Amino acid sequence: MKILVIHGPNLNMLGSREAGIYGHQTLSDVNRQILDLSRSLEMDAEVFQSNSEGAIVDAIQAKEYDVLIINPAAYTHTSVAIRDAIAAVGKPAIEVHISNIYKREEFRKESYISGVATGQISGLGTEGYLLAVRAAKKIILQ
């Protein structure tokens, strides 16, 4: 059982960027929690971060995994390419957002990804990633 966790653009800046919105944890902190929880649930996890849309599409298409967990960040609202890659591979995908995108600017309320995602977790901070890992385990076991 393997999950792939993709962090989109600017998430490499966690811990130093807009702490009031994104919190104080760094991406390394978040990744450590994801990997620890995955191990405790007897799953393998791979984490990947990129600011490049093409690199994210390549990862979705090329990496081996059973469930995708993705925080597309700003690409949520703009990337047909990421949406199409998720649809093309035909694997379950869980969309995660640290902030509640529906309580923010109007343009953030539109997700191109949600239409091809199995589910979405939004607004629960970095805990959303851990909820997604637990949900991925259930999806795999179904």
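Structure summary
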{"read-out": "Portion, in percent, of the accessible area of the chain that falls on carbon or sulfur, probe 1.4 Å", "value": "49 percent"}
{"read-out": "Most to least accessible of 103, 138 (protein chains only, probe 1.4 Å)", "value": "103, 138"}
{"read-out": "Listed candidates (1) 15.2, 46; (2) 13.8, 40; (3) 16.1, 51 - label of the one calculated as Rg and Dmax of the Cα atoms in Å", "value": "(2)"}
{"read-out": "Nearest-10 value in Å² for the accessible area of residue 137, using the 1.4 Å probe", "value": "40 Å²"}
{"read-out": "Nonlocal Lys pairs with alpha-carbon distance under 16 Å, the chain (8 or more apart, or different chains)", "value": "7"}
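The values are calculated or read from the model by the stated rules, or taken from the named source; none is laboratory data. Please read all numbers here as calculations on a predicted model, not as lab measurements. Keep in mind that these areas ignore ligands, DNA and RNA; they rest on the heavy atoms of the full protein, side chains included. Shrake-Rupley method; radii C 1.70, N 1.55, O 1.52, S 1.80 Å.
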